[in-house]
Amino acid sequence: MIKQLLRADPFKIFHIVFGYIIVFALWWGYLLFSKNESVYREKVELQGIMFSKSNPGEDFKSTAEYGVIHSKYKRQCLMILLEGSVFIVLMIAGLLRVRKVFKREIELAQQQKNFLLSITHELKSPLSTIKLSLQTLVKRKLEEEQQARMIGGSLDDLQRLEGLVDNILFAAKMEQEQHGFSMDAINIAEIVCKVCERISTNKKGVEVQVLAPAQLIATGDLLGFTSVVMNLVENAIKYSPEKSIVRVSLQSINSNVVLRVSDNGIGIPDEEKSKIFNKFYRVGNENTRTTKGTGLGLYIVKKYIEIFDGSIEVYNNQPCGTTFEIKLPAERKMTNF
Ligand code: ATP
Ligand code: MG
C-alpha cells in the first residue's frame, strides 16, 4: 500500500496532502469551537450553582457576572473564527503557490526528458549513417554514381547535425544576459532568399516559393536572423505533405518588416499554439511522433524576436496548414540593447 502510494503520480499525492491539511485545519477549528463552548457552559453552570446558593430565587443570567462570562465567550468565538479564517486563507494561498511551482517543475522535467530522448536520437542516427557510408566508401570500390549518392546523403546528415548544434548554441546564447547578438544593418531579403534556395532541394519534394524584394535592410544579427528563417521554413517543410508548396513572403509595411511563412501541412491545434514557443516543447509525445526534432526551433525564433522588439503570430492557413508571421522594426535604436 505504502509502496503503491509512493509510486503514484506526485500530483495525486500532493492533492491528497492538500485536501488532508485543509480538512484537518477545519476539524481543529471545529474542536476549538466546541471546547470553548463546553468551557463556557461549565463555567456558567458552576457559577450558577454558587450564585443560587447565596441568592435563592434569583436568575444568574441576569447578573453582571454572567454578562462578563458571556461576552468573554463571544470574544473567544470571534477570535477563533477570525484567526482560523486568516490561517486557512494563508495556507490555501501558500499551497496553491507550491502547486504552481510543483506543476512547472514537473512540466520542465518532462520537457527535459523529451529533449534528452530526441537529442540522443537526433545525434545518433546521422552519425551512424555517416559512419556507415564512410566505411563502405573505404572498404568497397563503388561506381561513381553510387559514391556521389552516398557522399550527398552524408552531407545532408552533416547539415542536419550542424543545424542541431547551431540551435543548441543559439538557445544557450540567448539565455545569457549578454546574448552577444550584434545590431547590424543586414539585407534580410538576401538572407531569406539564400535560406530558401538552400532548403528548396529537400527530400520531400516540397516547393518553396519566395516573394521578396531584392533588398530590404533591417537591424539584426546575421546568424541570428538566418537561424530564424531557417527554423520557420524547415518547420513548414517538415510538417507538410510531400510535394506540397510552402510560401515565404517578405514585405516592408510602415516602419516594420513582415515575414510570412505559410504551409498546407498538418496544422497546429488552437490549444497548442501558445505552447509551441516553449523550450523543448513538441506537439504530441515522443512515442507517437513521426517527425524528428528537439523542440528548440520556435523557442529560438521567439527569443530572437523578443530581443529585437518584434512580434510573432501563428494562424491557421486556408484550406489547411499554418502561417507564421513575424514583424520586426526595420530600424532599432541602441537603447536597452
Ligand atoms: P527542432 O528543434 O528540430 O526545430 P521541432 O521542429 O519539433 O524541433 P519547433 O520548431 O520548436 O521544434 O516546433 C515546436 C512544435 O511546433 C513542433 O514539434 C510541431 O509540433 C509544431 N510546429 C512547428 N511548426 C509547425 C508547422 N509549420 N506546422 C505544424 N506544426 C508545427
Ligand atoms: Mg523546428
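Looking only at region 294-306, decide whether some residue is in a loop (DSSP other than H, G, I, E, B), small (Gly, Ala, Ser) and away from ligand 1 (no atom under 14 Å from the Cβ). Steps first, answer last, please.
Step one: list which residues in region 294-306 are in a loop (DSSP other than H, G, I, E, B), which gives 294-296.
Among the residues that remain, those that are also small (Gly, Ala, Ser) are: 295.
When the remaining residues are screened for being away from ligand 1 (no atom under 14 Å from the Cβ), the result is none.
No.
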Worksheet item: Across region 220-239, what is the total count of residues that are crowded, with 22+ Cβ neighbours inside 10 Å and either more than 24 Å from the chain's Cα centre (by Cα) or not assigned by TED's automatic domain parsing to the domain that holds residue 307 (or both)?
Response: 1
Item to complete: Please find, within region 238-250, the residue that is farthest from residue 189 (Cα to Cα) out of those that are within 16 Å of ligand 2 (Cβ to nearest atom) and touching a strand residue (DSSP E or B) at 6+ places or on another chain (Cβ under 6 Å).
Response: 246
Item to complete: List every residue pair whose Cβ atoms lie under 7 Å apart, where the two residues are 6 or more positions apart in sequence or sit on different chains, the first residue falls within region 223-234 and is more than 13 Å from residue 171 (Cα to Cα), and the second residue, located anywhere, is open to solvent by 10 Å² or more (accessible area, probe 1.4 Å) and outside any helix (DSSP H, G or I).
Response: 225/186; 232/324; 233/208
Worksheet item: Would it be correct to say that residue 133 is over 28 Å from residue 266 (Cα atoms), away from ligand 1 (no atom under 16 Å from the Cβ), of a type in the set (S, T, N, Q) and surrounded by 16 or more Cβ atoms within 10 Å (Cβ to Cβ)?
Response: yes
Response to the item:
Only one of 170, 181 is away from ligand 1 (no atom under 16 Å from the Cβ), touching a residue at least 40 places away in the same chain (Cβ under 8 Å) and under 27 Å from residue 252 (Cα atoms), namely 181
Fill in: Odd one out for residue 230, checked against (1) within 14 Å of ligand 1 (Cβ to nearest atom); (2) at pLDDT 95 or above
(2)
Worksheet item: For residue 284, are the conditions met, namely being among the small types (Gly, Ala, Ser) and open to solvent by less than 30 Å² (accessible area, probe 1.4 Å)?
Response: no
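The values are calculated or read from the model by the stated rules, or taken from the named source; none is laboratory data. Since this is a predicted model, take the numbers as computed values, not measurements. Cβ coordinates were reconstructed from backbone atoms using ideal geometry, including for glycine residues, and neighbour counts include every protein chain displayed. SASA here: full protein model, heavy atoms, side chains in, ligands and nucleic acids out. Shrake-Rupley method; radii C 1.70, N 1.55, O 1.52, S 1.80 Å.
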